[in-house]
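This report refers to the structure that appears directly beneath it.
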Amino acid sequence: MRVLYLSWRDRDNPEAGGAETFTERTAEVLTELGDQVTIFTARFPGARAADRHGRVDIVRRGGRFTCYPLGLLYAARHRRDFDIVLDVQNGVPFWAPLLARLPVVNITHHVHRDQWSVIFGPRLARFGWFLESRVAPLVYRNSRYVTVSQASRDDLVELGVDADRIDIVYSGNDRPAELDESPMHDRSQTPVLTVLGRLVPHKQVEIAIDIVAALLPEHPELRLDVVGAGYWHESLVRYAQQRGVAEQIDFHGFVDDDTKHRLLGRSWLLLMPSHKEGWGLTIVEAGLHETPAVAFAHAGGPTESILHGETGLLAHDPREMAEQVGVLLRDAPLRTALGQAARRHALSFDWERSGRALAATLHSVLGHAPRPEQPAGRPRRLRSVHEIAADHREGSRGAA
């Protein structure tokens with residue numbers, strides 16, 4: 001297949017996140033399967049207009065907003081060079097069905113219902129949500145969708161997308177080869193929490209800072225690693241100063257993979273206070289190091305990347321998240337058990353499997369194969385952290 005990926009960012013962009021990792025890694029697998037892949041994306045300072053990532057061609061035009069019309073025009077002008085278009089929708093898509101005249105697959109990691117108002121003013125937020133919730137489902141009414149979790153699939157169905165047009169392709173997991181054999185962590189002797197991701201408002205890193213402030217009297221050596229870059233950095237620094245915990249927080253900025261894995265390996269817990277996530281790639285990355293994660297139950301994807309009470313915990317609100325973190329900092333045996341299960345869960349995801357699943361969807365869209373079988377859901381009752389801790393203590397006594 002000759003595949004055109006339309007994505008607002010590529011992996012080299014300083015603000016690249018989980019969606020961009022999905023694009024790049026699945027593109028790599030498609031080329032390994034013999035397909036030709038081009039990623040059209042936005043330029044950024046220092047970026048080349050044309051680049052190559054392995055066997056994947058990169059074309060960069062425009063900026064954060066202008067890349068969308070330029071991407072649509074590129075798809076129209078080069079339609080004879082491709083067989084299918086993958087249109088990545090981050091809030092708004094590239095509107096490829098309007099001009100591409102090729103089969104189009106819409107890739108939506110998560111629905112941005114409440115994030116519009118967090119990032120933009122009321123008028124622009126209403127307009128953005130109108131485009132995402134009303135216009136996009138209409139424009140893509142004849143297109144297949146791909147998303148990365150059952151929760152995101154359910155959100156798309158609520159917007160009017162037919163369930164039988166939505167395929168789930170779970171994200172893979174970047175891992176050094178040595179991590180396949182054993183976790184290579186050098187766990188900190190004192191408690192360290194980690195937040196990993198882009199520094200933007202809807203990631204709600206302020207909640208992690210609040211948790212540090214709340215738990216510091218009980219754990220005076222507690223620290224928070226904030227790993228990632230973004231325009232919200234200075235706001236978070238000021239917030240940490242206002243809460244009186246600036247000395248307990250290390251802002252690492254954008255780091256390389258080795259540094260990322262070192263920080264995840266030394267951490268006691270990964271916190272994901274994000275309002276919404278399509279999957280939660282950093283959760284399974286942390287799991288490779290036997291570092292359990294805590295996220296919100298309403299965030300969507302983390303309800304699958306975390307198995308509540310087995311590999312980590314899901315909270316309903318910031319108060320409960322702080323309570324869960326407090327229990328896990330005190331209960332080392334429970335924290336260890338969750339971490340070991342998190343590693344087993346993380347090892348079940350890899351990018352080759354994700355890329356092959358995406359390829360199966362593309363072949364079915366082009367009429368080369370039947371639609372791939374879809375995974376079943378995972379309904380779970382969220383037990384309290386105190387119930388989970390009590391059950392673990394009882395199970396440990398029984399095993400002894």
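Nothing in this text is a laboratory measurement; each read-out follows from the coordinates by a stated rule. This one's a predicted model, so the numbers in the text were calculated from it and none came from an experiment. Positions of Cβ are backbone-derived with ideal geometry, glycine not excepted, and every protein chain shown enters the neighbour counts.
Under a model in which nothing but the beta-carbon of Lys, Arg (+1) and Asp, Glu (-1) is charged, the chain shows a dipole of about 1220 debye around its Cα centre.
Listing I119, I84 from the residue with the fewest other Cβ atoms within 10 Å to the one with the most, what is the order?
Details: I119 15, I84 20.
The fewest-first ordering by Cβ neighbours comes to I119, I84.
This ranking places H78, H386 by how few other beta-carbon atoms lie within 10 Å of each, fewest first, which gives H386, H78. Take every DSSP beta bridge whose two residues both sit in the range 177-347; close to 0 percent of them are antiparallel. The modelled label-to-label distance between E218 and D81, using points 7 Å beyond Cα along the C-beta direction, is 5.8 nm.
Counted by Cβ distance under 9 Å from D10, the other residues give a net charge of -1, where Lys and Arg count +1 and Asp and Glu count -1.
If you run the Gaussian network model on the chain, springs between alpha carbon atoms under 10 Å, then out of A246, A27, A295 the most flexible one is A246. GNM remark for the chain: springs join alpha carbons under 10 Å apart, and the peak mean-square fluctuation among G197, G63, G301 falls on G63. Oblate is the label for the range 243-321, because a/c, from the alpha-carbon gyration tensor with a ≥ b ≥ c as root eigenvalues, is 1.5 or above and a/b does not exceed b/c. With axes computed from alpha carbons, what is the tilt in degrees of helix 332-346 against the longest principal axis of the chain, rounded to the nearest 10 within 0 to 90? Once rounded, the angle reads 20 degrees.
Take every Cα pair under 8 Å whose residues are at least 6 apart in sequence, average their separation, divide by the length of the range 177-347, and the relative contact order is 23 percent. With the charge dipole of the chain set up from +1 on Lys and Arg Cβ and -1 on Asp and Glu Cβ about the Cα centre, the Cα lying farthest toward the positive end among the listed residues F254, A163, L313 is that of A163.
Rounded to the nearest 5, what is the percent of antiparallel bridges among the DSSP beta bridges in the chain? Walk me through the numbers before you get to the answer.
Details: 5 of 49 bridges.
Looking only at bridges with both residues in the chain, the antiparallel portion is about 10 percent.
This structure gives Cα extents along the principal axes in Å, computed directly, and of (i) 64, 52, 34; (ii) 64, 46, 39; (iii) 92, 47, 35 that value is listed as (ii). Here the contact order of the chain, divided by its residue count and restricted to Cα pairs under 8 Å and six or more residues apart, works out to 14 percent.
Each of F349, P103, P45 was placed along the dipole of the chain (beta-carbon charges, centred on the mean Cα), and the one lying farthest toward the positive end is P103. Roughly how many Å is it from the Cα centre of the range 196-224 to that of the range 260-305, as a whole number? Computed from Cα coordinates, the inter-centre distance equals 14 Å.
Note the angle between two axes, namely the Cα long axis of helix 257-266 and the longest principal axis of the Cα atoms of the chain, as a number of degrees from 0 to 90, rounded to the nearest 10. Between helix and principal axis, roughly 30 degrees.
Using only the Cα atoms of the range 32-83, what semi-axes does the equivalent ellipsoid have when each is the square root of 5 times a gyration tensor eigenvalue? Give whole Å, largest first.
Details: eigenvalues 77, 50, 9 Å².
For the range 32-83, the semi-axes come out at 20, 16, 7 Å.
Panel order for R123, R134, R43, by other beta carbons found within 10 Å of each beta carbon, from fewest to most: R123, R134, R43. Kindly identify the range 177-347 as rounded, prolate or oblate by the Cα gyration tensor criterion: order the square roots of the eigenvalues as a ≥ b ≥ c, call it rounded if a/c is under 1.5, otherwise compare a/b with b/c, prolate if a/b is larger, else oblate. Verdict is rounded for the range 177-347. Using a Gaussian network model of the chain in which every pair of alpha carbons under 10 angstrom is joined by a spring, one finds that among F349, F22, F65 the greatest mean-square fluctuation is at F65. Pull out a ≥ b ≥ c, the square roots of the eigenvalues of the alpha-carbon gyration tensor of the range 99-156, then state rounded if a/c is under 1.5, prolate if not and a/b is larger than b/c, and oblate in the remaining case. The shape class here is oblate.
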